[in-house]
Each structure stands twice: as structure tokens, then as C-alpha cells.
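First the structure, in the form of C-alpha cells, and then the observations on it.
Nothing in this text is a laboratory measurement; each read-out follows from the coordinates by a stated rule. Only a predicted model underlies this, so the values are computations on that prediction, with no experimental measurement involved. Heads up, the Cβs are rebuilt from the backbone with ideal geometry, glycines too, and the neighbour counts pull from every protein chain shown.
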Amino acid sequence: MGTTYHLTWLEEEGLPEPEAVHVGVEAVLETINASMSTYRADSEINRFNAAPVGEWFAVSPEFLEVFKLAREVSEASDHAYDVTVGPLVDLWGFGPEQGDQVPLKNAITEAMAMVGEQRVDVDPATSSLRKQQALELDFSSIAKGYGVDKVADWMAAQGIGNYLVEIGGEIRVAGMSPRGTPWRIAVERPSPLERQIVAALELRDVAVATSGDYRNFFEFEGERFSHSIDPRTGWPVRHELVSVSVVHESATLADAWATALTILGPQLAWETAVEESLAVYLISRDGEGVLLQRSPEMDRWLVQPD
């Protein structure tokens, strides 16, 4: 999926050797890549995207599961989250071809006509999807989290009870760290130039995902344009929320929710987090400084108070 992965686990007697773990994890990731990677011309997702409009396309159970979870987050976020937003991302120059210009309004309108996950029909009985119109799926905002979950499940099945799995920044942990303490994960202060820690989380048997727009943007005629595109408007978000961290038992949902809340902005993100009982840590610009917010569910994980 165009990113890296990292594993840490506590070696104990009777567990697989590191090379065996490497081989097993690579096999898990190969299956997910073959299904959901847009970097592969023959992947399941690219074959679905190339399929004719109006025809049912049989998908794997894993593919269907990810799509249904994406739809769940889309509906709960008033469609701020949408896995068909790719045409807008590309148009604004945040896709394969980088850009630094504001698109013409008619180009935005044309791209928006190809966006809308609700225009995909689902037949659970046959594990099939059908496009109502021309559109393309892109699971880049959820597939890394899904990969984390699947690798973690594989490691647990091998009897490995103390581990950290990270793919592209999305993390899931289990048991204890090699220090014999809960796994400690940093929350970064948003800065495009340097890395600073604003808080720390101590986690056991959960996942954490972070989404932010403070490193991926361009400036045009004195205005800053984020890579976070709101599929409902066709424009990059213009609010002050710059970083969202979500702790959840599912890395898949943590990944998707971090993106969705980033699109919603500080007020709606907070209201949605409370409504959905999500453990979130929000960082917003506040003049020359930052405003820090955390939901009540996040308190149990936070070890460095504001």
C-alpha cells in the first residue's frame, strides 16, 4: 500500500522464531495487498473500479467487511468520511500527481459527480457490490488499520501475547511491552518542521490511529490548502482542527474514525466523539498555540495530563 510496517514482540519459549513470524506476517499482508492496494493493477479493488456500472461484482469476504465498516463510519459522520473521495483528492494535487493550484469550479463539480459511497449497492448474500454510476473505491484511509488488525490476529493465533503492530502509523498493541509495562505511544504536537510530544498514552489490548493535516498541504496566493478533502463540498477543510488521535479496540475503525473526525472539524468532531463514545484526543490551532481536547473515554489511557 505504499507504506512500511513494524513489529515488536516479546520472545518467549515455545513461540515461533522471528523468521517464521516474518514469513507469516508477509503472507497476511500479501493477501490484503492483493485485495485492497491501488498500487496493483490486478488487485481486487482495481478490478472492481474497472468493472462496468450496473453489474454485480463478487468480492472477497474481507473486501466486503472493509466496505461495510467504511459505510458505517460514513453514515455516522454525515458522510464526511467517504471511500470514493479519490477523484477530489487527485484533482487537488494530493494523489499520484502532486499539484499546488486551486482547481476550476467546474472541475470540482465534475469530480464531485463521481463521489458518493452510498451509490454502491451491497448484496451480502452473494458477497457482491454494484456501482450505480461511475466511481472508484479507495481504502487508503481504512486498509492500513485493517492490515494492523489482521496481522495482530495472526500473531495472537501463534500464541504471541505481547506485541505491537504498526502499519503506516496505525498501531495495535497487546499485553505488555518488553519493559514489563503497558505500551507507551506518543501524541505529537502538530508542527510541519519538528516533532514534539504533547501527551503520552499507555495502552493495552487496543489500537490507536492518528490523522492530521499539518504536514501535507500546499499554499496558493497566501492561503493554505489541506490534503483533507471534504467529500460533501469538494474543498479542503478550512477549520482549525489539525490532529485527531482515536483509541479503539479495532484498528480498522480507529483508522477510519481519525479521518472522519478530521474532516468534521473541532466542534462536530467533539460532538460526534461524545455521541459515539469514542476515545479521542483533538488538537486545534489557537492563535500562535494549540487547543487540546480529550473525550472522557480517553482519560483512562492518558498518562501525561494537559
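In table form, for the structure just shown:
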| read-out | value |
| --- | --- |
| Förster radius 22 Å - calculated FRET efficiency between ALA200 and SER277, Cβ distance, rounded to 0.05 | 0.45 |
| FRET efficiency, GLU19 to ARG179 (Cβ-Cβ, R0 41 Å, nearest 0.05) | 0.95 |
| Calculated SAXS-style log₁₀ I(q)/I(0) at q = 0.09, 0.13, 0.20 Å⁻¹ - segment 165-298, Debye, Cα scatterers | -0.26, -0.54, -1.22 |
| Computed lengthening from ALA27 to ALA157, 0.36 nm per intervening residue step minus Cα-Cα distance | 45.4 nm |
| Extension gain (nm, one decimal) between TRP56 and GLU288, 0.36 nm per residue minus Cα-Cα | 78.3 nm |
| GNM top mover of ALA34, ALA143, ALA157 - the chain, alpha-carbon springs below 10 Å | ALA157 |
| Peptides 243-251, 203-211 ordered by average Cβ neighbours within 10 Å, highest first | 243-251, 203-211 |
| Amide N of segment 59-76 lying under 19 Å from the label point, which is placed 7 angstrom from the Cα of THR126 along Cα→Cβ | 59-65, 67-68 |
| Partner lysines for LYS150 [C-alpha distance under 23 Å; skip if fewer than 8 residues away on the same chain] | LYS68 |
| Ordering of 21-29, 78-86 by packing [mean C-beta count within 10 Å, highest first] | 78-86, 21-29 |
| Cα-based Rg of the chain normalised by 2.2 N^0.38 Å, two decimals | 1.01 |
| Helical contribution to [θ] at 222 nm, DSSP H n ≥ 4, -39,500 (n - 2.57), averaged over the chain, rounded to 500 | -9500 deg cm²/dmol |
| Positive-end extreme of charge dipole, segment 165-298 - chosen from THR233, THR272, SER250 (charges on Cβ) | SER250 |
| Amide hydrogen neighbours beyond the local backbone of ALA200, cut-off 5 Å, H modeled | VAL187, VAL303, GLN304 |
| Sparse-neighbourhood loop sites, GluC sites (Glu not before Pro) in segment 38-147 - DSSP loop, at most 13 other Cβ within 10 angstrom | GLU55, GLU97 |
| Dipole magnitude of the chain about its Cα centre (Cβ charges: Lys, Arg +1; Asp, Glu -1), debye to nearest 20 | 260 debye |
| Electrostatic dipole magnitude of segment 165-298 [Cβ: Lys, Arg +1; Asp, Glu -1; Cα centre; debye, to 20] | 360 debye |
| When the convex hull of its Cα atoms is projected in every direction, mean area for segment 1-64 (nm²) | 5.8 nm² |
| Aspartates and glutamates whose Cα lies under 20 Å from that of LYS131, excluding same-chain neighbours fewer than 8 positions away | ASP42, GLU44, GLU55, GLU62, GLU65, GLU72, GLU75, ASP82, GLU110, GLU117, ASP121, ASP123 |
